[in-house]
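Trainee: After the C-alpha cells below, expect a handful of questions from me.
Readers should treat all values here as calculations from the given coordinates under stated rules, not as data from a laboratory. It should be emphasised that the depicted structure is a prediction, and the values quoted were computed from it without experimental measurement. No Cβ is skipped: glycine too gets one built from the backbone with ideal geometry, and neighbour counts run over all protein chains shown.
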Number of protein chains: 2
Amino acid sequence: MVLPPPILNVTKLENENEFIKRCQEIIGTEYVYTSVADKSAFLTDWSKRFTGNALAVLRPKNTNEVAALLALCNKENVTIVPQGGNTGLCGGATPGKDGHNVVISTTRLNQIRELDLENSTITLDAGVVLMNAQEAAAKVGKLFPLSLAAEGSCTIGGNLSTNAGGVQVLRYGNMRDLCLGIEVVTPTGEIFNGLRGLRKDNTGYSLKDLYIGAEGSLGIITAATLKLYPLPQSKVTALVAIKDVQAGIKLIDLARESSNADLTAFELISKRALRLVSKQRINSEPLSSSQTDWIVLLEFSSMDEESYNRDCLEALLENALELELISDAVIANSIQQSKDLWSIRESIPEAQFELGTVIKHDISLPISQIASFVEATEVKLHQLWPQMQTIIFGHVGDGNLHYNLAPLSPDLSDEIETRRKSINQLVHDQVYAHAGSFSAEHGIGQSKRDELPLRKSDVEIGLMRSIKKALDPKNIMNPGKVL
Amino acid sequence: MVLPPPILNVTKLENENEFIKRCQEIIGTEYVYTSVADKSAFLTDWSKRFTGNALAVLRPKNTNEVAALLALCNKENVTIVPQGGNTGLCGGATPGKDGHNVVISTTRLNQIRELDLENSTITLDAGVVLMNAQEAAAKVGKLFPLSLAAEGSCTIGGNLSTNAGGVQVLRYGNMRDLCLGIEVVTPTGEIFNGLRGLRKDNTGYSLKDLYIGAEGSLGIITAATLKLYPLPQSKVTALVAIKDVQAGIKLIDLARESSNADLTAFELISKRALRLVSKQRINSEPLSSSQTDWIVLLEFSSMDEESYNRDCLEALLENALELELISDAVIANSIQQSKDLWSIRESIPEAQFELGTVIKHDISLPISQIASFVEATEVKLHQLWPQMQTIIFGHVGDGNLHYNLAPLSPDLSDEIETRRKSINQLVHDQVYAHAGSFSAEHGIGQSKRDELPLRKSDVEIGLMRSIKKALDPKNIMNPGKVL
C-alpha cells in the first residue's frame, strides 16, 4: 500500500500580529514584508504562470536567522516557501493561494565565505547569484562551470534545490555533480553543517544528495561548498548541418572518441527553430539555406592552444563529412563569431513568442532513443492535430530536449490551448515509452506535481513520501510542491 | 534531541525448520546453505578481522527471488546481511555473532542485462564481478573506469553499496558518479525499479543516491545502469621525486592546467613505503636513491597519439623541475615499464606485512590541508610513542590518504597493539582538525560504527537515523552496521 501524499495543513494563525512581531524581532522590521506592494514580486513566478499569497515575505541575512525563523514557523505551524532568485520554471518557489504561509527569500545570504584555491573549492551562501559565483571564480583564474539562461538572477541555493543543468553539463555535470557539501536548516530549525570540501567521504547516507533536487521540500539550503575547475585556454565552436537526428547521435560518439579536447557543448537545433531565429537575425544565417532539417552547435574546450584545438575540430568534421553524417559546417573564426553562433541557440526561447501559444516540454531520453522518439512522436502529433509544428532544440549530448509545440499560425493559439492536456499526455506517454523522463532539468514544483505519481511506480512514490514524512513530519516545508 | 540508534532486534525464530523450508521453496534447496562447512566462507570477512554466524546463507538467482526472501524475512522478523564479493574492509557484509540472521549473497545475480552503445551505458545484475563488467565494456570498445585492488572478486552491488573509489576517481569519479540508475529490493520485499539510463532526470528525491553508500542498511541493490566512456588511445606514466608534500599539491594543479590530456592518476608514496617495495623488488628501484622523502606516480590518459601525450608530460615535468617542485623523474617508455611503475604502488599494501602489526587509516582531507596534516600528525605521533613509523600512500589527487602506522621493529607489534585506540584517536582527531573524514572510500560497516556518532553532529546522525527508521522500520536490513 502506497503512502498518501503529505497532508496540506492549512490553518489560520490565531494571532498573526504576534507571529509577525516575532519575525521582526528575529530579522529586523525592515526585512519582514507584509504590504501587498512589498510582497508582490515574491508571489508571482518569473513566467507569470503562478501567483500565490503569503502572510509575509521574510528576508533573513544569515543561517542563524533562517534557523530561528524555521523554529518559529514549526512551533506555530506556519508553512514555508523557500525562494532564491525566483527564476524557476515549475512554480516551485511560488506560494499557494491560501496565504497561510511565509516566503523565505534567501537573497540576503549573499556572502562568499571561502575560496580554497589549492582544494579548487568555493564555499558560499545559498543566496549568492550564480553569475557572482562564476565571477568570483574567474577572478582567481578558476572556472565555476554551471551556466544557464537565468544566471544573472538565479541563486546557488535555487540551483542546488532544483539540481540545475544548463549548457555545460556534458563536460562538467549538473549542480549535484558540482557540489561537495551543503549547509541546511531543517524544518525544526536545526542547522545541519555538511560544508565539506572532500572528494571522497563514505561516512553514512549522502544527505547532501537528498537535499539537492528536493526543491525546498525537506529544509532550506543555506550554504554550499562547490568544485572549481581550471579555466580552459581555448574554445572552438562550430555549427554543423547533420543528415538527420541519428547522424547527430553518431557525431556525439565520434566527437568524444576522435579528439582529446573536451566536448563541452552539443546542442541540437531543428530547422524550424533555426528559421525562427534567422528571420529576426538577418546577419546570422549560416546553414539556413542548407537542405537539412537538423543543425548541431558544438564546442570544444581545451587546455591546449586554439590552433591545436581547431585542427582537432577540423579533422573531426572532415571525418564526419566522409562518413556522410554532416553536409555542411561553419567554424567560428573569432570570439565574436563564436558568440554569434551561440546567440542563435540562445535566441530560440524568445523567438518562439511570435508563434502564439507554445506548449513546452523539458524532457530527457537515453541518447540511443532520441531519433526514434523524435520520429514516432512527430507522426502521432500530426495524427492528433495536423495544424501543429514542433520546435525542437536542447542539450542533446545529455539526452535533454526542449520539445515544444506551436500552432502552424498564431491565430490557432486558442485551439492549441484547448488541446494542451492531450498534447502533454501524448508527448509524455511517448517519453516514457522511450524510457525517458518528463522533467530533465526544471524539476516538478507545482506544475508537474499531479502527474508525478502517474509517471513513477507506487513503490518509488511511496519511498519518497516516507522520506518526506520522516524529515518534515508536519509538512511545513514547501507544501503542495513535488509530492 | 537525537534519535537513538536503531534497536537491535535479536529474536530467535519459533520454527527455524519451517523458515528454512520456505527459503528452499523460494530459491531451491541447493542454494540454501545451513551446514557449517557451506556457510563458513560467507561468515568471515576478507581481512579475517570479523567473524559472525547465520541461520543460513541464501543465494537467490534473480531480483524476484531476492524480493520473495525479503518479504519472508520481514514477516518472520529475520534480519538480513547482504553480501557481494565479500571483499569489504570494515566488516559491513559480515553478520553479527548472534546467528539469528541470514546472509543473502548476490553472486548468482550475475547477468549483463543490456549494453547500450549509443547511450554509453551498461545495465547489469548487482552480483556481476567488477572485472567482468570492465571486460564486457572493453569487448565493445568502451571503458568502465572503476578500478580497485579487489576487482577480480568484488561485485557491482558491493561497489555501489560502499560507493567504491580506487585509482581513477580523479578523472572519472567514484561509483556514485558512474551510476545512472539502480534497482533495489526494499526491506518489505517490494521492487523499486529505478534502472534509468538518463543523464538528467529531476523528478523528485534522488533515491539512487540514498541507496548508494548505504552499505545494505536500507535495502538490497539488485541491478544498476552504469556509464561507459571511450577507451583512451594512449597512456603515459611517470614516477617523480617531489620536493615535499606541498610541492606535490602544487604539481596537481600544474598538471591539470598545463596539459589537455586527462590526469587519470596522481598517487602519493612516502619514501618509507617505496623502500619497503624496493627491498622486495630489486629490479624496480627508480628514484629510491634520490634524496626526497616523497614520490608521486602520475598518469595521463588521452585520445591523442602517445607521442603527443608524452610531449605534454615531458613539458609538464620540465616546467615542474624549473619551479623546483620536483627533483627527478622516470617516464615509462613501454607498456611493461608502465606496469612496473604501477606495480610499485600496488605492492605497498602487501609489503607492509613484514613490519608486523600495521594500524591502517583510510582518510580524506581537503587537498589544501594535506601538507599541514601530514606534518602536524607526524610530530604528535612521535610524541605519543617514538617507536612508530608512518607508511603513507594513496590517491592524493582526490585528497585520499592511506595513512598507516607500524612499529619501528616487528618485535614491537604487541606494544603498538596496546596503543591502537590512542593512535586511532590521535589520527582521527587530526583528520577532523583539518576538516577531513575518517572514512574516504571504505565505509563504516562494523569497524567504525561506534565512532561515527562521535565524528558527526547530533543533527546529522539524527537525520540519518530518521531515514533509516522511515525506510526500514523493523531494522531488519544489516543491523549493527553504519548506524
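Trainee: Quick one: Karplus J couplings for region A:322-339, per residue in order, coefficients 6.51, -1.76, 1.60, θ = phi - 60°, nearest Hz, x for Gly and Pro?
Mentor: Karplus-based 3J(HN,Hα) across region A:322-339 equals 4, 7, 6, 7, 10, 10, 6, 7, 10, 9, 5, 9, 7, 4, 5, 5, 4, 4 Hz.
Trainee: In addition: Specify the angular offset, from 0 to 90 degrees and rounded to the nearest 10, of the alpha carbon long axis of helix A:63-76 from the longest principal axis of the alpha carbons in chain A.
Mentor: Approximately 60 degrees, to the nearest ten.
Trainee: Each residue of region A:210-218 in turn: what ³J(HN,Hα) in whole Hz from Karplus with 6.51, -1.76, 1.60 and θ = phi - 60°, glycine and Pro shown as x?
Mentor: After applying 6.51 cos²θ - 1.76 cosθ + 1.60, I find 7, 6, 5, x, 7, 6, x, 8, 10 Hz.
Trainee: Continuing with this model, one more query. On C-alpha positions alone, give me the angle between the axis of helix A:420-433 and the longest principal axis of chain A, in degrees, nearest 10.
Mentor: Approximately 70 degrees, to the nearest 10.
Trainee: Pairs of Cα atoms under 8 Å, at least six residues apart: use those to get the relative contact order of region A:149-278, whole percent. Please report the intermediate quantities before stating the final value.
Mentor: Working: 132 pairs, mean separation 36.9, N = 130.
Taking the mean separation of contacting Cα pairs over the length of region A:149-278, I get 28 percent.
Trainee: Follow-up. Return the ratio Rg/(2.2 N^0.38 Å) for region B:112-226, where Rg is computed over Cα atoms only. Spell out each step's value before the answer.
Mentor: On the way: Rg = 13.2 Å, N = 115, 2.2 N^0.38 = 13.4 Å.
The reported ratio for this selection is 0.99.
Trainee: Then there's this: Before anything else, pin down the relative contact order of region B:343-483: Cα pairs under 8 Å, at least 6 apart, normalised by residue count, whole percent.
Mentor: Values: 157 pairs, mean separation 39.5, N = 141.
Relative contact order, region B:343-483: 28 percent.
Trainee: Oh, and also: In sequence order, what are the phi-derived ³J(HN,Hα) couplings for region B:448-457 according to the Karplus relation 6.51 cos²θ - 1.76 cosθ + 1.60 with θ = phi - 60°, rounded to whole Hz, with x for glycine and proline?
Mentor: 10, 4, 5, 7, 3, x, 7, 9, 10, 6
Trainee: Tilt of helix B:130-139 relative to the longest C-alpha principal axis of chain B, in degrees (0 to 90, nearest 10)?
Mentor: That works out to roughly 70 degrees.
Trainee: Grab the DSSP H runs of the protein assembly as shown that are 4 residues or longer, score each as -39,500 (n - 2.57), total them, divide by all residues and round the 222 nm result to the nearest 500 deg cm²/dmol.
Mentor: Values: 34 runs with 348 residues, N = 966.
After summing the helix terms and dividing by the residues of the protein assembly as shown, the value is -10500 deg cm²/dmol.
Trainee: Another one. Quick one: check the C-alpha center-to-center distance for region A:97-167 versus region A:38-59, whole angstrom.
Mentor: 21 Å
Trainee: Give, rounded to the nearest 20 debye, the magnitude of the charge dipole that the protein assembly as shown has about its Cα centre when Lys and Arg contribute +1 at Cβ and Asp and Glu contribute -1 at Cβ. Each step should come with its number before you reach the end.
Mentor: Working: 94 positive and 116 negative charges, 523 e Å.
Using Cβ point charges on Lys, Arg, Asp and Glu, the protein assembly as shown gives about 2520 debye.
Trainee: From Cα pairs below 8 angstrom and at least 6 apart in sequence, can you work out the relative contact order of chain B, rounded to a whole percent? Could you put the intermediate results ahead of the total?
Mentor: Details: 992 pairs, mean separation 80.7, N = 483.
Answer for chain B is 17 percent.
Trainee: Among A:441-451, A:396-406, how do they line up from the highest to the lowest mean number of other beta-carbon atoms within 10 Å?
Mentor: Numbers: A:441-451: 21.5, A:396-406: 25.1.
The packing order, highest mean first, is A:396-406, A:441-451.
Trainee: Oh, and also: Identify, among A:Ala247, A:Leu124, A:Ala149, the residue whose Cα sits farthest towards the positive end of the charge dipole of chain A, taking +1 on the Cβ of Lys and Arg and -1 on the Cβ of Asp and Glu, with the dipole about the Cα centre.
Mentor: A:Leu124
Trainee: May I pose another question? In angstroms, what radius of gyration and Dmax does the protein assembly as shown have, counting Cα atoms only?
Mentor: Here Rg and the maximum Cα pair distance are 28.5, 92 Å.
Trainee: Within 10 Å, count the other beta carbons around each residue, average over each peptide in B:50-62, A:175-187, and list them highest first.
Mentor: Working: B:50-62: 21.2, A:175-187: 22.9.
For the peptides B:50-62, A:175-187, the packing ranking is A:175-187, B:50-62.
Trainee: Kindly put B:Ser302, B:Ser413, B:Ser35 in sequence by how many other C-beta atoms sit within 10 Å of each C-beta, fewest to most.
Mentor: Working: B:Ser302 22, B:Ser413 14, B:Ser35 9.
Placing the least packed residue first, the sequence is B:Ser35, B:Ser413, B:Ser302.
Trainee: State, to one decimal in nm and shortest first, how far the label point of B:Ser258 sits from each corresponding label point in the other identical copies (label point: 7 angstrom along Cα-to-Cβ).
Mentor: 3.2
Trainee: Using the per-residue mean of other Cβ atoms lying within 10 Å as a proxy for protection, in what order, highest first, do the peptides A:164-174, B:115-125, A:308-318 fall?
Mentor: Numbers: A:164-174: 23.5, B:115-125: 21.2, A:308-318: 18.8.
The packing order, highest mean first, is A:164-174, B:115-125, A:308-318.
Trainee: Around A:Asp201, under 13 Å between beta carbons, what's the net of Lys plus Arg minus Asp minus Glu among the other residues?
Mentor: Numbers: positive: A:Arg196, A:Arg199, A:Lys200, A:Lys208, B:Arg176, B:Lys448, B:Arg455, B:Lys456; negative: A:Asp209, B:Asp362, B:Asp398, B:Glu441, B:Glu460.
Neighbour charge sum, excluding A:Asp201 itself: +3.
Trainee: Can I ask one more? What does the copy distance list look like for A:Glu25, label position 7 Å along Cα→Cβ, in nm and ordered from shortest?
Mentor: Shortest to longest, the spacings are 6.5 nm.
Trainee: Still on this model: Using a 10 Å cut-off around each Cβ, can you sort A:Leu8, A:Leu412 from fewest to most neighbouring Cβ atoms? Mind dumping the intermediate values first?
Mentor: On the way: A:Leu8 11, A:Leu412 18.
Fewest-to-most ranking of A:Leu8, A:Leu412: A:Leu8, A:Leu412.
Trainee: Then there's this: 7 Å along Cα→Cβ for the label point: how many nanometres lie between A:Gly152 and each equivalent label in the other copies, listed shortest first?
Mentor: 6.1
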